[in-house]
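What follows is a single structure, written as structure tokens, with notes after it.
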């Protein structure tokens with residue numbers, strides 16, 4: 001069954017941008033004014049023929065015409081109103097969706113205000129903790145999260161940047177790169193084409209850096225603590241920074257990057273994307289991924305990369321004419337902090353309120369180095385197949401221990417049969433799926449033993465004479 005598109009607000013903005021009345025636009029589309037009025041008020045969906053006609057008459061990109069933005073906006077609003085500060089505000093999902101659809105600018109302004117409130121609250125908590133500890137307050141700066149803005153940029157592009165893919169393919173041709181000597185090939189290219197000399201130095205001389213470039217000396221230092229795949233990645237990253245400076249600046253000029261820190265972080269993230277495309281060229285990598293049924297460890301050995309690098313690359317294979325399985329990915333530390341996330345599968349990540357502890361990425365720490373699998377079902381019935389494994393970041397010797405992280409990778413269950421990890425699963429049995437949520441505040445499953453907070457839909461109920469499955473919920477009396 002085709003999904004209905006309710007894009008009334010976008011049609012109204014388009015009409016006003018073109019300075020057309022409803023009657024004029026209705027005539028151009030060959031429909032009645034009353035029918036257009038129903039579309040603009042989201043009382044009728046936009047049909048495929050009308051969508052094609054709009055795209056043709058107004059030179060619109062069909063890929064950009066979707067309700068995904070409004071869906072994400074409504075989801076963000078739902079999470080914000082799950083905050084305890086709105087405990088007595090009764091706003092349902094339908095109302096929040098209507099706000100996102102009919103007044104997106106107002107909704108975005110509200111989210112901006114909430115982010116400012118949240119940052120101020122976190123600043124206050126941090127400042128209070130430092131005062132209590134007697135710490136020096138000089139140089140105290142407000143907490144901001146440019147990483148979230150960069151995540152929004154990557155999500156907006158569906159983690160696919162065709163211009164960077166094209167430059168990576170060109171580098172293989174111009175540089176005459178060799179797969180089994182890729183690191184040396186990149187060093188030769190740096191010296192021959194960019195007049196940059198590469199030096200691998202001891203950890204004692206790195207001053208805490210694994211890569212350091214001196215522009216005036218045209219000298220690139222790479223730390224010996226990096227394993228070969230990571231060192232090769234840093235070589236490609238440096239080439240991207242030097243050769244694609246203008247393109248990286250262009251991609252980082254998005255209005256959603258509101259601070260210099262966000263723009264700089266975005267530039268680094270995009271250079272990382274380029275490096276990934278160099279180490280794992282799109283066509284060759286996708287062919288190998290499909291042939292090996294997305295076996296991450298085989299791909300890791302085939303392309304002489306790391307587990308995390310392969311997982312990152314798998315999320316970027318969305319070339320329209322030759323796509324791979326749409327994956328989501330997240331990276332967490334042992335404290336549960338999410339340092340990276342991207343949703344190509346449609347799964348929803350919380351922006352403000354942590355994550356569900358039942359996701360297998362958290363339990364990966366109990367079996368280091370072993371891939372764990374999970375069939376997960378969200379409260380709305382959406383089902384995903386996920387894998388998770390721990391990885392280790394290189395340290396600097398005995399006094400600088402290695403950092404252990406966990407990587408989670410997953411896809412919609414309809415793609416699971418393409419993955420080797422799903423063999424043996426009965427993917428058609430919903431009861432085999434583990435019930436998970438977005439976060440405790442956004443999940444209404446009351447029988448979860450791992451609940452850390454009461455859900456936004458239910459107030460805290462405490463009965464001294466009765467203990468429920470969770471401390472945050474006591475069942476009603478019989």
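A short reminder: the numbers here are calculations on the coordinates, not readings from a lab. These figures come from a predicted structure and were not determined experimentally. Positions of Cβ are backbone-derived with ideal geometry, glycine not excepted, and every protein chain shown enters the neighbour counts.
Which shape class applies to segment 8-66: rounded if a/c is under 1.5, otherwise prolate when a/b exceeds b/c and oblate if not, where a ≥ b ≥ c are the square roots of the Cα gyration tensor eigenvalues?
On the way: a/c = 1.40, a/b = 1.22, b/c = 1.15.
Rounded is the answer for segment 8-66, as its axis ratio a/c remains below 1.5.
In which sequence would 334, 239 go, from the one with the fewest C-beta neighbours within 10 Å to the one with the most? Don't skip to the answer; put the middle values down first.
Values: 334 12, 239 25.
Placing the least packed residue first, the sequence is 334, 239.
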>> Taking a ≥ b ≥ c as the square roots of the Cα gyration tensor eigenvalues, with a/c under 1.5 meaning rounded and otherwise prolate when a/b beats b/c, else oblate, which class fits segment 279-336?
In response: oblate
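Test of understanding: ordering 267, 53, 43 by Cβ neighbours within 10 Å, fewest first, what list do you get?
Values: 267 20, 53 15, 43 11.
Listing 267, 53, 43 from fewest to most nearby Cβ atoms yields 43, 53, 267.
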>> Could you tell me the center-to-center distance, by alpha carbons, between segment 21-43 and segment 221-291 in angstrom?
In response: 46
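Highest mean first, how do 12-22, 444-454 rank when packing is the count of other Cβ atoms within 10 Å averaged over residues?
Numbers: 12-22: 13.6, 444-454: 15.6.
Ranking the peptides 12-22, 444-454 by packing returns 444-454, 12-22.
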> Under 17 Å from the 7 Å Cα→Cβ point of residue 163, by amide nitrogen: which residues of segment 216-248?
Replying inline: 240-248
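Pull out a ≥ b ≥ c, the square roots of the eigenvalues of the alpha-carbon gyration tensor of segment 256-372, then state rounded if a/c is under 1.5, prolate if not and a/b is larger than b/c, and oblate in the remaining case. Spell out each step's value before the answer.
Values: a/c = 1.69, a/b = 1.13, b/c = 1.50.
Since a/c reaches 1.5 but b/c is at least a/b, the shape of segment 256-372 is classed as oblate.
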>> Given contacts defined as C-alpha pairs under 8 Å and at least six residues apart, what's the relative contact order of segment 149-268, whole-number percent?
In response: 25
